[in-house]
1. Please give the number of the condition residue 58 fails out of (1) exposed (fewer than 10 other Cβ atoms within 10 Å of the Cβ); (2) at pLDDT 80 or above.
2. Go through the range 10-30 and give me each residue that's loosely packed, with under 10 Cβ neighbours inside 10 Å, modelled with pLDDT of 75 or more and outside any helix (DSSP H, G or I).
3. Taking the range 108-125 as the search range and keeping residues that are within 21 Å of the chain's Cα centre (by Cα) and within 15 Å of residue 81 (Cβ to Cβ), which one is surrounded by the most Cβ atoms within 10 Å (Cβ to Cβ)?
4. Return yes or no: is residue 123 within 14 Å of residue 150 (Cβ to Cβ), assigned to a loop (DSSP other than H, G, I, E, B) and in contact (Cβ under 8 Å) with a residue 12 or more places away in the chain?
5. Please go through the range 137-151 and pick out each residue that is surrounded by 12 or more Cβ atoms within 10 Å (Cβ to Cβ) and assigned to a loop (DSSP other than H, G, I, E, B).
6. Give the range 50-72 a look and list any residue that's more than 13 Å from residue 151 (Cβ to Cβ) and touching a residue at least 60 places away in the same chain (Cβ under 8 Å), or say none.
7. State all residues of the range 84-107 that are under 25 Å from the mean Cα position of the chain (by Cα), in a loop (DSSP other than H, G, I, E, B) and at negative phi; if no residue qualifies, say none.
């Protein structure tokens, strides 16, 4: 009688060990930390670009409001006039049910502050939308610089 050889050992399961996974995560974390150290100061520039994009969009909505009603919202009505029908004179007669702003909420600037609405603007334009930058105060330089709809860029 022949004996059958024992079955071959099952192949080792493919995959990674916990140590290998933790090592890779540590390396990725280290690289991410180095990148943030190198490029972190430039994140302020990104927030300025976001604020400019918000201001551009809000300006477009106010221009649409102006075309529909013959004038921009008053300063007392503010940017809220893009979201809900104003209750302060002059009250628009043909205000759309959905408002003018998608999402029905006013965005905050990238630093969590509301945008400032002036009507008329500081340079005698019909309106102006402003973000006071990271410090939330008028004036400033760098990430604290003001961003306005009347700025050429």
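1. So the condition that residue 58 fails would be (1).
2. Of everything in the range 10-30, those that are loosely packed, with under 10 Cβ neighbours inside 10 Å, modelled with pLDDT of 75 or more and outside any helix (DSSP H, G or I) turn out to be 15, 17.
3. The extreme case among them is 117.
4. yes
5. Scanning the range 137-151 gives 140, 145, 146, 149, 150, 151.
6. 50, 54, 58, 62, 66 - these are the residues of the range 50-72 that are more than 13 Å from residue 151 (Cβ to Cβ) and touching a residue at least 60 places away in the same chain (Cβ under 8 Å).
7. Hits for the range 84-107 are 84, 85, 98, 100, 101, 105, 106, 107.
The values are calculated or read from the model by the stated rules, or taken from the named source; none is laboratory data. Everything numeric in this text was worked out from a predicted model, so none of it was measured. Using ideal geometry, Cβ is built from the backbone for each residue, glycine included, and neighbour counts are taken over all protein chains shown.
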